[in-house]
Amino acid sequence: MRIVLAEDSALLREGLVGLFERFGHTVTDAVPGAPSLVEAVDRAIAAGRAPHIVITDVRMPPDNTDDGLRAAVQLRRRYPELPVLVLSQYIADAYATQLLDSGTGGVGYLLKDRVGRVTDFMQSVQAVAAGGIVIDPDVIRHLLNRSTDAGPLARLTPREREVLARMAEGRTNGEIAAILSVSEAAIAKHIGSIFSKLELAHDDGHRRVRAVLLHLRASPLDP
């Protein structure tokens, strides 16, 4: 797998390069800032060697604000099918919603403390590269909690909101049942109710997650 990596911390950048190489992947470019990230991806695609995934920090030079996120959104609008995984030190509503609103390829938003869980992190990278959606559980819960009082999510019961959060993490019905210590039949019933209340077509896999996240974005969030 070809990876373009953007991270301003030299220590973390080199650590990630070593980690990916240990798992048999190739980091074609490892850059410290947003402008060089865009240049690296443009160059790779022009050469016919498009990255299988772009991984970027949110806060990077030149402004050290949301430069990495803005570069990721720019790239996904330019190359809609480009898989992008954003790493952040904190939850920021605007970052998550802007990322989800851009492009059609795989997308991920993880907090940096997840990187230390190597197996889970590598699974997330592979899932996004394959076109999936991986959103940090803490981000999902935050978005759900912020959307409690308005929009379609207000129709859901507390248990349905809990199931929805697990769905948005990409969990299967069996995994949700195990986490919540209930039967798969109970989870299926909750999901049926969620789809009905949110007026979503019955589906599974990534389309289901995209539909759920679409409704999460429907409620206004502070930047």
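The values are calculated or read from the model by the stated rules, or taken from the named source; none is laboratory data. If you're wondering where the values come from, they're calculated on a predicted model, not measured in any experiment. For neighbour counting, all protein chains shown are included, and Cβ atoms are generated from backbone atoms with ideal geometry for every residue, glycine included.
Points to keep in mind about this one:
- Residues that are within 14 Å of the chain's Cα centre (by Cα), in a loop (DSSP other than H, G, I, E, B) and closer than 14 Å to R2 by Cα within region 48-89 comprise L82, P83, listed in sequence order.
- Selected residue (criterion: surrounded by the fewest Cβ atoms within 10 Å (Cβ to Cβ)) from residues of region 111-128 that are out of contact with any Gly (no Cβ under 6 Å at 6 or more places or on another chain) and of a type in the set (A, V, I, L, M): V118
- A Cβ distance below 8 Å, combined with a sequence gap of six or more or placement on separate chains, defines the contacts here; from region 171-191, residues that are more than 11 Å from E160 (Cβ to Cβ) reach residues that are among the acidic types (D, E) in the pairs N173/E184; G174/E184; A177/E184; L180/E162.
- Matching residues in region 4-47 - criterion: being assigned to a strand (DSSP E or B), closer than 16 Å to A71 by Cα and free of Cβ contacts under 8 Å to residues at least 60 places away in the same chain: V4, L5, D29, A30, V31
- Only one entry of D57, D29, D8 meets the criterion of being surrounded by 14 or more Cβ atoms within 10 Å (Cβ to Cβ) and closer than 21 Å to V139 by Cβ, and that entry is D57.
- Screening region 150-214 for helices (runs of 4 or more DSSP H) wholly inside it with 1 or more residues that are under 21 Å from the mean Cα position of the chain (by Cα) and at pLDDT 75 or above returns the ranges 158-168, 173-180.
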